[in-house]
Amino acid sequence: MTTPKADPAQWKTVDEGWGRQVADFATLSEPSNCREYVYVHHRLGVDDGDRLLDVACGSGLSIELAGLRGATGAGLDASPRLVAVARDRNPGCDIRVGDMSALPWDEGSFDVATSFRGIWGTTPAAVAELFRVLRPGGRLGMTVWGHLKVSPGVWSLAPFTLATTEKIGNQAAMVSLGRPGAGEQLLEAHGFTAIERAAVPFAFEFADPELYARALASTGPAHEAIQNVGEAEFRRVAVELAQAQVRDGLPLRAQLNVVAYLARKPLAGQPDPDAGDDVS
Ligand SMILES: C[S@@+](CC[C@H](N)C(=O)[O-])C[C@H]1O[C@@H](n2cnc3c(N)ncnc32)[C@H](O)[C@@H]1O
């Protein structure tokens, strides 16, 4: 697999895209992801006493849900404004601003590591870091976009194509980890074992086209489109697309294909007895 290279300093500018409408992102966009958080935590068997790190943690809803299962949560995100919300939602948790390619924790600090659509084809160094900070036998769960073009809800991402051709090309490289074999190969190359691919339940739901457009506008890829065509045009296109999807008496719903990779760091110095088994 050829791996597109990310600009090493790029993470410092991420806040502009993901943090500029932080309250909208935290309350209108992130809650739609709860199905994938619940699913991955369940598959990893997140439980009392687990030290769990969520990388690219956004506004921290996944850490809050892991806490409800008894885990002690930690998190890291490049956006200071998202981290402020994550800390507000998770008092006492160790949540830091930083780059997932250089995690500020010691080797073996965590029992469980997760990342929800935060690790991309363009950020392979983050996988090496997750391996390092997991203890031997530690469990990994990461999700990436699956085959979006065949997803029933692909219409909901169409406004992102209002970005420049260059930005759209980069978005395509970013989602390349969902292709069959791509994530498995990346995880195996970094030493993970018991690697499993699973289909994840994922759906955006909104009360009406205007709320959908507002939620979508708060995301990073939307920012790239807005820089190209302006916010009013972005929202106009989004509302128009969503109006065609309205169903009488039901919320707007966009089901999207998401893939989870579940894996384990082998036990030190010996063959992993759990290799090939479920990671939970
Ligand atoms: C698709 S969002 C996912 C956020 C969250 N996991 C969720 O489920 O909503 C991608 C996240 O990655 C963060 N991010 C981007 N580059 C990063 C980097 N190099 N290091 C840490 N976080 C990064 C962004 O700030 C954003 O919160």
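No lab work stands behind these numbers, since they all come straight from the coordinates. Owing to the predicted nature of the structure, the values given are computational and were not obtained by experimental measurement. In this analysis, Cβ positions are derived from the backbone assuming ideal geometry, glycine residues included, and neighbour counts consider all displayed protein chains.
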Any residue in the range 19-35 that is within 12 Å of the ligand (Cβ to nearest atom), aliphatic (A, V, I, L, M), surrounded by fewer than 20 Cβ atoms within 10 Å (Cβ to Cβ) and within 25 Å of Tyr261 (Cα to Cα)?
no
Note on Pro104: of the conditions (1) farther than 27 Å from Ala222 by Cβ; (2) crowded, with 21+ Cβ neighbours inside 10 Å; (3) within 12 Å of the ligand (Cβ to nearest atom), unmet is (2)
For the range 177-198, which positions are on the phi < 0 side of the Ramachandran plot and not in a helix (DSSP H, G or I)?
Arg179, Pro180, His190, Phe192, Thr193, Ile195, Glu196, Arg197, Ala198
Condition check for Ala86: within 24 Å of Lys265 (Cβ to Cβ) and aliphatic (A, V, I, L, M):
no
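For the range 165-214, which positions are among the hydrophobic types (A, V, I, L, M, F, W, C), more than 25 Å from Phe234 (Cβ to Cβ) and surrounded by 14 or more Cβ atoms within 10 Å (Cβ to Cβ)?
Once the filter is applied, which keeps residues that are among the hydrophobic types (A, V, I, L, M, F, W, C), more than 25 Å from Phe234 (Cβ to Cβ) and surrounded by 14 or more Cβ atoms within 10 Å (Cβ to Cβ), the range 165-214 yields Leu177, Ala182, Leu186, Leu187, Phe192, Ala194, Ile195, Ala198, Val200.
For the range 122-171, what are the residues that are small (Gly, Ala, Ser) and either part of a helix (DSSP H, G or I) or at negative phi (or both)? Let's see the steps before the verdict.
To start, the set of residues in the range 122-171 that are small (Gly, Ala, Ser) comprises 125-126, 128, 137-138, 141, 146, 151, 153, 156, 158, 163, 169.
Selection gives Ala125, Ala126, Ala128, Gly138, Gly141, Gly146, Ser151, Gly153, Ser156, Ala158, Ala163, Gly169.
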Taking Leu211, is it away from the ligand (no atom under 16 Å from the Cβ), within 17 Å of the chain's Cα centre (by Cα) and not in a strand (DSSP E or B)?
no
Considering each residue of the range 87-113, count those that are under 21 Å from His42 (Cα atoms) and under 17 Å from the mean Cα position of the chain (by Cα), and give that number.
2
Go through (1) surrounded by 23 or more Cβ atoms within 10 Å (Cβ to Cβ); (2) within 10 Å of the ligand (Cβ to nearest atom) for Ala113 and report which single condition fails.
(2)
Report yes if Leu52 is in contact with a helix residue (DSSP H, G or I) (Cβ under 6 Å, 6 or more places away or on another chain) and more than 13 Å from the ligand (Cβ to nearest atom), otherwise no.
yes
Out of Ser79, Ser62, which single residue is of a type in the set (Ser, Thr, Tyr) and under 12 Å from the mean Cα position of the chain (by Cα)?
Ser62
